[in-house]
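Accompanying notes for the structure given below.
The values are calculated or read from the model by the stated rules, or taken from the named source; none is laboratory data. Nothing here was measured: the structure is a model prediction, and the numbers come from that model. So basically every Cβ, Gly included, is an ideal-geometry build from the backbone, and we count neighbours across all protein chains shown.
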Amino acid sequence: MPSTASPVSPPAPVIRVLPAPADLPEPLPEPAVRDLRLETVLGALSDPLRLRIVRKLLLESEHFDHSCGWFGLDRPKSSLTHHFKALREAGVTRQRQYGLERRSHVRVADLDARFPGLVELVAAWEPAED
């Protein structure tokens with residue numbers, strides 16, 4: 001008789017949401033939660049590099065927010081600036097200015113409020129082998 005047991009799903013990745021430290025600089029301009037648009041967020045996440053950036057922030061964050069150097073991406077600074085700005089302007093990440101450095105983290109609570117399950121889908125995404 002064939003087995004009727006359903007396949008076992010791998011465990012869901014653990015999303016790391018670290019507490020905000022005191023005395024944070026104000027965030028750079030970003031859309032309010034009520035203004036987040038699914039097509040804009042998905043457009044920002046449609047780029048594989050940006051998807052990798054967000055996934056790394058979700059699963060590997062060591063601090064509340066990270067500079068672009070933390071990601072270890074071998075891209076020109078102008079290209080990285082473009083990608084981080086696209087994520088911020090779509091409302092996926094929040095950026096703050098620390099002197100000459102901008103640091104980013106994912107707006108997990110805001111994205112969950114507008115698009116339940118989206119953050120979990122991004123965290124569960126497996127990048128293609130390079």
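One table, with the values for the structure above:
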item: Search result, residues across segment 87-125 that are out of contact with any Pro (no Cβ under 7 Å at 6 or more places or on another chain) and among the charged types (D, E, K, R); result: Arg88, Glu89, Glu101, Arg102, Arg103, Arg107, Asp110, Asp112, Arg114, Glu120
item: Unique residue being crowded, with 16+ Cβ neighbours inside 10 Å, among the aromatic types (Phe, Trp, Tyr) and under 18 Å from Glu30 (Cβ atoms) when the list is Phe71, Phe64, Phe84; result: Phe84
item: Residue satisfying condition, being out of contact with any Pro (no Cβ under 7 Å at 6 or more places or on another chain) and part of a helix (DSSP H, G or I), within set Arg75, Arg16, Arg55; result: Arg55
item: Answer residue from segment 114-130, given it is in contact (Cβ under 8 Å) with a residue 40 or more places away in the chain and part of a helix (DSSP H, G or I) and is nearest to Ser46 (Cα to Cα) among those; result: Val122
item: Any chance Ala90 is aliphatic (A, V, I, L, M) and either in contact with a Ser or Thr (Cβ under 9 Å, 6 or more places away or on another chain) or within 18 Å of Ala20 (Cα to Cα) (or both); result: yes
item: Hits in segment 102-120 - residues which are exposed (fewer than 11 other Cβ atoms within 10 Å of the Cβ) and either at pLDDT below 95 or on the phi > 0 side of the Ramachandran plot (or both); result: Gly117
